[in-house]
Amino acid sequence: MEHPSDTQEAPSLVLRLAGPSTTKAGLSTEQTEINRIIAEASKGSKFYENEKRKDKEVTARIERILKLRDQAIKGVDMGKMEQKVDHLLEAIERERDLTQFIVHFDMDAFYANVELLDNPSLAGKAFGVGHGVLTTASYEARKYGVRSGMPGYIALKLCPDLIFVDLHMSRYSEVSKQIMGLFRQYDPNMLAASVDEAYLNITEYCMQHNLDPDECVGRMRQRVFDETKLTVSAGIAANKVLAQICSDKNKPNGQFHLPHNSEAIRDFMRGLPIRKIPGIGRVSERLLDSIGVKTCGDVYKCRGVLSLLDKQFGLHSMLRVHLGIASNVVQPGAREERKSIGSERTFRAISEKEKILQKLEDIAAELDDDMERGGWAGRTVTLKYKLDTYEVFTRAKSFNRWIRTKAELYEAGKELLQPEWPLRLRLIGLRVTKLKDLRKKDGGILKFLEPLPESPSKKSRAYDSDGQDSDVEYIEPDLEDDLNHNASDSEDELPTAAAEPRASTSGHRPPQMFASSASEIPSPSRPSKPRGTGPIGSTRVAVSEWQDQVSPKHRGLHMRDDDDCPVPKARSDPDKAPSASTSTTATVIECPLCTRPFTDNDELNAHVDWCLSREAIRSAQVEGDRNERSKPEVGAQHLKEWWKGGSVEGTAGSRKPKRRKLGR
DNA sequence: GCGGATCAC
DNA sequence: TATGGTGATCCGC
């Protein structure tokens with residue numbers, strides 16, 4: 001490790017140290033200087049050493065892939081290989097759906113601009129939000145290379161006059177709700193992907209109001225500005241992924257419409273850096289680069305090799321990337337799709353057993369609190385710890401009863417920690433999976449009139465066998481429930497996807513269907529494997545988004561009839577997108593959560609149940625701000641994951657798990 | 001079912 | 001003066 005030749009770091013390491021969001025600024029000559037400063041400031045730290053280690057692992061992985069490629073390429077008729085891929089491309093092209101107008105809204109430097117709003121004296125100044133690690137930075141600070149996720153002391157090296165501003169999470173969430181409420185008027189099925197991002201399908205709204213989509217989006221952005229003095233950027237395209245990429249195009253305070261036209265889309269994709277695709281991160285970018293894929297257009301040039309390395313890269317996914325085909329289904333996330341709940345914390349490295357156990361207890365208390373508030377129990381507990389070397393490990397244990405109290409969490413954690421001693425830790429965390437939704441019982445008119453999710457945490461304990469917080473064993477009332485997976489069986493609770501067939505253990509699949517076209521494609525047109533897609537490296541490329549199919553139901557300009565919101569009639573209601581003038585006849589009651597109007601009481605009740613369950617999750621994320629828990633500029637990946645479609649994938653690296661007994 | 005790894009935000 | 005937290009997914013065992 002201590003070679004004298006360490007004086008110069010690999011270019012890949014320098015990039016890695018620059019952080020994940022380095023792609024934003026592009027590669028100006030200044031950027032390389034910035035990266036050098038960052039690498040310089042990091043040098044010698046434990047963090048730096050760990051990054052170096054990981055960087056080397058990726059390099060080794062690349063070597064394995066190249067070796068594999070050279071092996072596979074022997075005696076192969078590349079022309080024929082490419083011909084096969086071309087047939088596959090034609091088949092995928094036939095799935096393209098250009099009928100829907102999908103919009104992705106993205107608030108500009110959300111936290112920073114809210115702070116600016118509340119403290120005008122910051123105008124024009126370079127400032128970062130957060131302490132320790134920045135959650136975001138003002139545009140002035142970004143000019144110096146200051147980015148979200150950057151440690152404060154490094155930001156100071158780049159920008160000595162940088163001002164540090166405190167986080168005000170509840171304020172951001174308040175503003176966010178206001179804006180989301182506005183958006184929802186244009187599409188009740190809007191997907192709030194995070195605090196500052198939303199996806200909408202404005203097709204129907206535009207039809208009904210005889211509006212051009214660009215015009216519509218322009219007005220929406222103007223309304224947001226009028227009502228909040230905040231600017232928002234937007235992307236308009238035929239599917240969610242394209243819309244997301246487009247919203248970045250004219251940021252800040254701009255919008256971009258990618259024509260609903262196959263040619264235009266492919267032209268657009270051709271020059272697009274592969275890294276822009278959601279799911280292609282720093283590692284995947286390097287792996288793809290090693291076989292010559294830098295842009296989405298390169299996918300076509302390299303289709304032969306990609307076909308040979310299907311297992312490693314997922315040919316089918318990559319072809320969808322190249323064509324710019326992805327899901328255009330927009331629907332809100334559902335509570336029942338939650339898969340885990342956890343809590344973790346970083347602290348100054350400690351090695352005393354008592355102190356570590358104290359941290360464990362703290363985390364157990366936090367998690368218990370969150371689980372209680374959210375109404376969750378679970379069967380598997382996973383302990384996570386990070387050594388002071390930054391190496392991360394997890395240890396898990398499954399139980400045949402539901403874990404839900406602080407004491408149970410703590411005991412499980414202690415047991416998992418037991419064999420690992422001695423340790424010197426800088427982080428400890430607990431996560432619970434195999435969840436059971438404690439709120440699902442008496443699903444019906446779920447406490448519509450009771451205090452909303454925010455209020456007294458006691459409420460959730462109502463489901464408790466006793467109100468006690470004691471560690472009385474909570475014996476599983478219905479064990480069969482758990483055998484049914486997710487216990488999501490017959491449910492009235494959450495209408496979302498209730499009618500959908502279940503796919504595997506992962507629970508419900510979005511309506512756009514899980515079965516990929518692979519099964520529909522004439523078998524000679526695709527490579528040997530039954531599943532025409534694979535991951536990049538050992539991680540399935542999160543290009544899963546590109547996997548799901550466009551639902552046939554979505555064809556046709558009119559209504560999407562797979563609406564899972566329990567308000568069937570609302571779909572054909574003229575007031576689906578309520579304008580001020582719409583409230584005519586009978587008494588109109590608004591949903592207290594999303595402000596959607598109703599005239600029928602039953603419909604309202606059903607809707608509120610549905611809305612509540614989503615709200616509960618949303619507030620659970622936001623509540624994180626107690627305890628100054630630092631959050632990223634946007635934090636709700638799970639919401640995002642929920643709409644990610646299909647999956648599938650192959651394998652990769654010959655990585656072998658190192659079940660190391662790590663001391664130190 | 002477990003553990004490591006990658007990714008998004 | 002010392003690089004975050006939550007959640008998801010996939011692979012190889």
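The values are calculated or read from the model by the stated rules, or taken from the named source; none is laboratory data. Everything numeric here is computed off the predicted structure, so don't read it as measured data. Counting neighbours? That spans all protein chains shown, and the Cβs are built from the backbone with ideal geometry, glycine included. Only protein heavy atoms, including side chains, enter the accessible area calculation; ligands, DNA and RNA are left aside. Shrake-Rupley method; radii C 1.70, N 1.55, O 1.52, S 1.80 Å.
Data table
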item: Positions within segment A:117-137 being open to solvent by 10 Å² or more (accessible area, probe 1.4 Å) and either closer than 17 Å to A:SER170 by Cβ or touching a Lys or Arg at 6+ places or on another chain (Cβ under 9 Å) (or both), in sequence order; result: A:LEU117, A:ASP118, A:ASN119, A:ALA126
item: Residue match in segment A:208-224 (condition: in a helix (DSSP H, G or I), more than 19 Å from the chain's Cα centre (by Cα) and closer than 30 Å to A:GLU40 by Cβ); result: no
item: Count - residues of segment A:110-151 that are among the aromatic types (Phe, Trp, Tyr) and part of a helix (DSSP H, G or I); result: 3
item: Residue in segment A:152-173 that is nearest to DNA strand B (Cβ to nearest atom), counting only those that are outside any helix (DSSP H, G or I) and under 18 Å from A:GLU33 (Cα atoms); result: A:CYS159
item: Selection count where residues are among the aliphatic types (A, V, I, L, M) and part of a helix (DSSP H, G or I), scope segment A:229-283; result: 9
item: Residue satisfying condition, being within 13 Å of DNA strand C (Cβ to nearest atom) and under 29 Å from A:LEU438 (Cβ atoms), within set A:LYS384, A:LYS406; result: A:LYS384
item: Residue check for A:GLY152: touching a strand residue (DSSP E or B) at 6+ places or on another chain (Cβ under 8 Å), open to solvent by 20 Å² or more (accessible area, probe 1.4 Å) and not charged (D, E, K, R); result: no
item: Where A:GLU415 falls short, out of the listed (1) more than 11 Å from DNA strand C (Cβ to nearest atom); (2) assigned to a helix (DSSP H, G or I); (3) touching a helix residue (DSSP H, G or I) at 6+ places or on another chain (Cβ under 9 Å); result: (3)
item: Selection status of A:SER173, out of contact with any Leu (no Cβ under 7 Å at 6 or more places or on another chain) and open to solvent by less than 20 Å² (accessible area, probe 1.4 Å); result: yes
item: Selected residue (criterion: nearest to A:LEU360 (Cα to Cα)) from residues of segment A:423-434 that are more than 8 Å from DNA strand C (Cβ to nearest atom) and in contact (Cβ under 8 Å) with a residue 60 or more places away in the chain; result: A:ILE428
item: Filter result (in contact (Cβ under 8 Å) with a residue 40 or more places away in the chain and surrounded by 22 or more Cβ atoms within 10 Å (Cβ to Cβ)) within segment A:155-168; result: A:VAL165
item: Enumerated helices (runs of 4 or more DSSP H) restricted to segment A:288-371, each holding at least 2 residues that are open to solvent by 30 Å² or more (accessible area, probe 1.4 Å); result: A:296-301
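The rows are residues; the columns are (1) within 16 Å of DNA strand C (Cβ to nearest atom); (2) at pLDDT 95 or above; (3) hydroxyl-bearing (Ser, Thr, Tyr).
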site	(1), (2), (3)
A:VAL195	yes, yes, no
A:ALA198	no, yes, no
A:TYR205	no, yes, yes
A:ASN210	no, yes, no
A:PRO213	no, yes, no
A:GLY218	no, yes, no
A:VAL224	no, yes, no
A:VAL232	no, yes, no
A:ALA237	no, yes, no
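Yes/no per residue for (1) of a type in the set (Gly, Ala, Ser); (2) surrounded by 15 or more Cβ atoms within 10 Å (Cβ to Cβ); (3) within 16 Å of DNA strand B (Cβ to nearest atom); (4) on the phi > 0 side of the Ramachandran plot:
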residue: A:THR32; (1), (2), (3), (4): no, no, no, no
residue: A:LYS43; (1), (2), (3), (4): no, no, no, no
residue: A:GLU57; (1), (2), (3), (4): no, no, yes, no
residue: A:ARG69; (1), (2), (3), (4): no, yes, no, no
residue: A:GLU115; (1), (2), (3), (4): no, yes, no, no
